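Shown next, in structure tokens, is the structure this report addresses.
The values are calculated or read from the model by the stated rules, or taken from the named source; none is laboratory data. This structure is a prediction, so every number in the text was calculated from the model and none was measured. Here the Cβ positions follow ideal geometry from the backbone for every residue, glycine too, while neighbour counts run over all protein chains shown.
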Amino acid sequence: MMFKRRIFFLMSVAVLLNTSVGAQVSSVKIMCWNLLNWPNTSSATQDSTDRCPDYRSVIQYEEPDILVTEENTSTYSTTWFLNRVMNASGPVYRQGTYIQGDDTNNGIFYKDSLFGFVSNVRILTSLRDISQFTLVFLPTGDTLRIYAVHLKASSGSANEQQRASEVDALRAVTDALPSGSDFIVCGDFNIYGSYESAYQKLLQAHAGTDGKFYDPLNLSGTWNDYSYRIYHTQSTRLNSLNGGSFGGMNDRFDMILMSRAVTEPTGIYYQPGSLTPVGNDGNHFDESVNYGFNSAVPANVADALYYASDHLPVYAWFDIGPTSGVEDLHNSLSQLSVYPNPLSRNGKIIFQLSQAEKVHFKIYTISGSLLWESTPEFFVRGRNEVEIPANISQVPGIYLLTAATDNVLINNKIVVAQ
């Protein structure tokens, strides 16, 4: 419940910014889903009849602004999915350009009221292509690149090495992007833990480039452990069902990682704590997602997740707009900064007020955990300082500072260096 309350708080912040100070900030939901061999080409019409109602139940419940799909099996797969699932209730979505490769492929669907599609560029690997989908957020003109991946499956050193090779192909592209580019990678990574070379290469810094990815969860060790059960995305089934994997919920294969620019409160910005596997309530480890009661989704959605695919969809919320970390001239609170930054002991929050006002501060980890919260108190007009607790500076990483008055909330980044 604490996790859900954090998400609600951060989403409410976006609404406050949108309505109180006139800033054009939008919150968008980006979701990815391995559809499990959609459609089954040996009986495609029957497969559409059987699974489309389940896909529709999930999509209509979650209503993503962008959906990225894996395991599209044919040239008509995304067109069928667009017409029979995404737009079953009306013409809300469009599909991006689909490219048929040698194996299963990636698709993308987006609300054309929010996004314009630019291109789909193939990144070739020895098995399945990686897609570089480029879109523009229409209200602001911000460009977002989404990399859709379905890395080599199965355990064993040979499969781990192939996943690492596929990540090398991706990093060759992201390392060539301009510094500060907004991009994410999502899909079915088939990675078993932080020890895998593929995962380490995704997060590795390369000198002179800005192409590394950040994992908002940053889980260490082997991920199919009970302690990580709330993050698992496969399998939705305990027993075999029309292909796919089984054995219950016990692997974290499906992820959303992001560029440095997306972790920072400017332009396109990840909402800390919002990364969510749909239907995972933490109570179905080694069990089917619809077994008994599921507290995360309604029963019909849990059943739809079970029958549609062996993977859960995963989504995250992103803010897009000019106020994320940017001073608004109409705000009484301005010039928010941290000194020193990168932070060391005896750090301070420094800010200006145009009038005496009550201010409330919080510091979160990038995964959404609240580390510190000040007591709301009145500050005088002009320059003010607040001391940051010494324990905040002890663990290296990126943190989010929020400063709130009755009418506005401003975000800022805190860096704690190694």
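Before moving on, here are some points about what is shown:
- Scope region 40-76; condition part of a strand (DSSP E or B) and in contact (Cβ under 8 Å) with a residue 40 or more places away in the chain; matching residues: 66, 67, 68, 69, 70, 71
- Among residues of region 91-136, those that are charged (D, E, K, R) and in a strand (DSSP E or B), counted: 3
- Scanning region 162-187 for residues that are farther than 22 Å from residue 264 by Cα and among the basic types (Lys, Arg) turns up just one, 163.
- Among residues of region 346-394, those that are at positive phi and touching a strand residue (DSSP E or B) at 6+ places or on another chain (Cβ under 7 Å), counted: 1
- Qualifying residue in region 250-264 (condition: surrounded by fewer than 24 Cβ atoms within 10 Å (Cβ to Cβ), part of a loop (DSSP other than H, G, I, E, B) and over 18 Å from the mean Cα position of the chain (by Cα)): yes
- Cβ-Cβ under 7 Å pairs, at least 6 apart or on other chains, region 298-317 side within 17 Å of residue 32 (Cβ to Cβ) and in contact (Cβ under 8 Å) with a residue 24 or more places away in the chain, far side assigned to a strand (DSSP E or B) and among the acidic types (Asp, Glu): 311/188; 311/254; 312/254; 314/254
- Count of residues meeting criterion [closer than 17 Å to residue 377 by Cα and either modelled with pLDDT of 80 or more or assigned to a loop (DSSP other than H, G, I, E, B) (or both)] in region 402-418: 7
- Some residue of region 212-224 being surrounded by fewer than 23 Cβ atoms within 10 Å (Cβ to Cβ), in contact with a Gly (Cβ under 9 Å, 6 or more places away or on another chain), more than 24 Å from residue 235 (Cα to Cα) and in contact (Cβ under 8 Å) with a residue 40 or more places away in the chain: no
- In region 297-328, residue nearest to residue 52 (Cα to Cα) [restricted to those that are modelled with pLDDT of 95 or more and in a loop (DSSP other than H, G, I, E, B)]: 309
- Among the residues listed as 149, 121, the single one being of a type in the set (A, V, I, L, M) and within 17 Å of residue 258 (Cα to Cα): 149
- Region 77-92, subset under 25 Å from residue 132 (Cβ atoms) and in contact (Cβ under 8 Å) with a residue 24 or more places away in the chain, residue nearest to the chain's Cα centre (by Cα): 86
For (1) touching a helix residue (DSSP H, G or I) at 6+ places or on another chain (Cβ under 6 Å); (2) closer than 19 Å to residue 258 by Cβ; (3) free of Cβ contacts under 8 Å to residues at least 40 places away in the same chain, each residue gets a yes or a no:
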position: 370; (1), (2), (3): no, no, no
position: 379; (1), (2), (3): no, no, yes
position: 384; (1), (2), (3): no, no, yes
position: 389; (1), (2), (3): no, no, yes
position: 395; (1), (2), (3): no, no, yes
position: 413; (1), (2), (3): no, yes, no
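- Among residues of region 137-163 being aliphatic (A, V, I, L, M) and modelled with pLDDT of 95 or more, the one that is surrounded by the most Cβ atoms within 10 Å (Cβ to Cβ) is 149.
- Among residues that are surrounded by fewer than 18 Cβ atoms within 10 Å (Cβ to Cβ), of a type outside the set (Asp, Glu) and at pLDDT 95 or above, residue 72 is not included.
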